[in-house]
1. For region A:1-140, what class follows from the C-alpha gyration tensor (a ≥ b ≥ c being the square roots of its eigenvalues): rounded when a/c is under 1.5, otherwise prolate if a/b is larger than b/c, else oblate?
2. Subtracting the Cα-Cα distance from 0.36 nm times the residue separation, let me have the gained length for B:Val169 to B:Tyr149 in nm, one decimal.
3. Summing -39500 (n - 2.57) over the DSSP H runs of n ≥ 4 in chain A and dividing by its residue number, what mean residue ellipticity at 222 nm do you reach, to the nearest 500 deg cm²/dmol?
4. Can you pull the one-decimal nm distance between simple spin-label points at B:Glu190 and B:Val22, each 7 Å off the Cα toward Cβ?
5. Compute the acute angle (0 to 90°) between the alpha-carbon long axis of helix A:111-121 and the principal axis of greatest extent of the alpha-carbon atoms of chain A; round to the nearest 10°.
6. Averaged per residue, what accessible surface does region B:1-88 expose to a 1.4 Å probe, in Å²?
7. Counting only protein heavy atoms, probe 1.4 Å: which residues of region A:96-114 lose 20 Å² or more of accessible surface in the full assembly compared with their chain by itself?
8. Step through the residues of region B:153-170 one at a time and calculate ³J(HN,Hα) from phi using the Karplus curve (6.51 cos²θ - 1.76 cosθ + 1.60, θ = phi - 60°), rounding each to whole Hz and writing x for Gly and Pro.
Amino acid sequence: MEYLNIVFQEVYKILFLLVPVLVSVAMVVWLDRRVWAFVQKRQGPNVVGPFGLLQSLADALKYIFKEIIIPSSSNKVIFILAPIVTMTLALIAWAVIPFSATQVLADINVGILYLFAVSSLGVYGIIMGGWASNSKYPFLGAIRSAAQMVSYEVSIGVIIINVLLCVGSLNLNDIVIAQQNMWFVIPLFPMFVIFFISALAETNRPPFDLPEAEAELVAGYQTEYSGMMYAMFWLGEYANILLMCAMGAILFLGGWMSPIDVYPFTLVPGAIWLILKILLLFILFALVKAIVPRYRYDQLMRLGWKVFLPLSLIWVVLTASYLFYFNLLPVN
Amino acid sequence: MIAHAIFFYTFSIIAVVSAIMVTASKNTVHSVFFLILDFISISCLFIMIGAEFLGMIMLIVYVGAVAVLFLFVVMMLNVAQQKNQWFAGQQSSRHIPIGLIISTLIFVEVIIVIGGWKYKPEIFDINNSISQVSISNTHSLGQILYTDYIHVFQISGMILLVAMVGAIVLTFRQRSGVKRQSYIKQISRERAEGVEVLEVQSNKGVKLDD
C-alpha cells in the first residue's frame, strides 16, 4: 500500500510538470508563427480564438483525425518507434529542470550531464525515422542531421565545461545559485553567443535546418510521416527547442533567480522568472528564423569544427587560468 | 530492497538479451539499435550502483556520439549484404572455434578479476569509508584521476590524439582542381577591382574577356 502511495505521488508530480510543458509547446508554436509573421509584416494565425491563440489546438485536432500512412516498404517497427523516441526524449529531460530551489522533480547530482546526454540522444529519433522510411529524401535528411547534431554537440559540451569551471558542481540548482552575484552571461558572453548558435543547430532550426530543407529534401526525415506521427515529431522538436532555451536560461541567465535582488522582484516566484527567461530566448530563436537565410552544408560544418570548437576550447583555457591565477576556483 | 532488485533484474535482463540480439539479428542496422539498447541499460545499471558520473558519460560518449557514427557507417556502407553472405555461406563454421576460444578467455579473465577482488579485503574498507564521507561520485573520481593517476590519464589522452591524427593522415588526400571558397578574399573585394564601366558603341559592342 505504501509503495502504491509513493507511486501515485510521483505520477501526480510528473503530470503536474508534463501537462504544462505540453500546453506551452502548443502555445509556443503559435508564438513562433506570430513572431515570424510580424517580422515579415504579415498577421500570422489570428482567426481561431482570441489573437489566434487556439490555432495550435485546431491543428492538433486536424492531425488526430488524419489517417496515419505507413509506407509498405518501410521498416514498420522502427518507423513507428521514431516519433515516439523523439517525443519521449524531449519530455524526459524536463525532469531535472529546477523551477525554484525546491521545485524540481529529480534533484540529481549530475543534472547538467543528464540534460546533455538526453539532448545528444535526440538525434536517434531523426536517424530512425529517416532510415526506416526507406526513401531517398528522408535518408539524406537523416544523414545530414546525424553529422550536424554530433558536430555541434561537441562545442556545446565544451561550453558546459566553461560554466562548470565557474560553478564546481554538476547540479543544476548549484549552477543557478552560483550566479547569485553575477549571471554567467556577463563574464562568459562569447560562450553564450556560441551556445545560442549551437542550440539553433542542435534543434535543426533555421538557419541550420538542413535536415528538412524544403527546397532540396521536400521535408527531410519527416517526408513519409503523416497524421499524429508527424505531429509527434513536430511536438518533440518544439519541446527540444524549449529545452535548449531552458538550458541557456539556467547556464547563463540565472535560472529561477530574479534579475535584481531587491524587494518587489524577489516576491515573484522563481518559476515565473524561469519561464520569462525561456520565453525571451525563444523569441530570439523565432527572430533568427525570420531574418537569416539558410546555411550551405559545408559552411555549417566549417562553422562548427573550425570556428566554434577552437574558440570554446581557447575560452576554457582562459577561464581556467583566470580562475586559477586569482584563486577563484570553487573548491569544496 | 525489493524495488531495487526488480529494477536491477529488469535492466540486466534487457542488457543480456539485447547483447545476444546484437549478434543474432540478421539486419545490421537492427544490430546497432540493439547495441544502443545494451549501452543504455548498462548505463542504467551504473546509475543504480551509485556510479552516476560513469553512467552519464557512458550515455554521452557511447550512445550520443560513438553509436551515432557507427549507425552512420552501417547505413552508408552496404554491410547488410556482406553479413547475409556470412550467414548464407558454409564457411561460417570456421569462425566458431575462434569465437569460442576468445569468449572462454574473456570468461576466465572475468572470473579471475572477481576472485581477486573478493580476496582483497581492503577494497571493502575503502568502499565503506567513501560512503561515510559525504562526497559525490564525480568529486571522488576527479580527485583520483587528477592526482594519483594524472600521468596515466594524460597518456591515454595522447594515445587517443595520436590515433585520431593517424586516421586523418591515412585518409587525407590532396585533390587538385578543386575550387575553394576563401571568405577573406570574398569580403575584402573592393568595387574598383570588381566593377568596370565601359563605353559601349552601337553595333560594335565590347569584348569582356581579355
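1. Verdict is oblate for region A:1-140.
2. 4.2 nm
3. Values: 14 runs with 218 residues, N = 332.
One gets -21500 deg cm²/dmol as the mean residue ellipticity at 222 nm.
4. Using points 7 Å along Cα→Cβ, the separation is 6.2 nm.
5. For helix A:111-121, the angle is close to 20 degrees.
6. In whole numbers, region B:1-88 has 57 Å² accessible per residue.
7. Those residues are A:Asn109, A:Val110, A:Leu113, A:Tyr114.
8. 4, 5, 5, 5, x, 5, 4, 4, 4, 4, 4, 5, 4, x, 4, 5, 4, 5
The values are calculated or read from the model by the stated rules, or taken from the named source; none is laboratory data. A quick note: this is a predicted structure, and the numbers were derived from the prediction, not measured. Every residue, glycine among them, receives a Cβ derived from its backbone with ideal geometry; neighbour counts consider all protein chains shown. Protein only, heavy atoms only, side chains kept; ligands, DNA and RNA dropped before computing areas. Shrake-Rupley method; radii C 1.70, N 1.55, O 1.52, S 1.80 Å.
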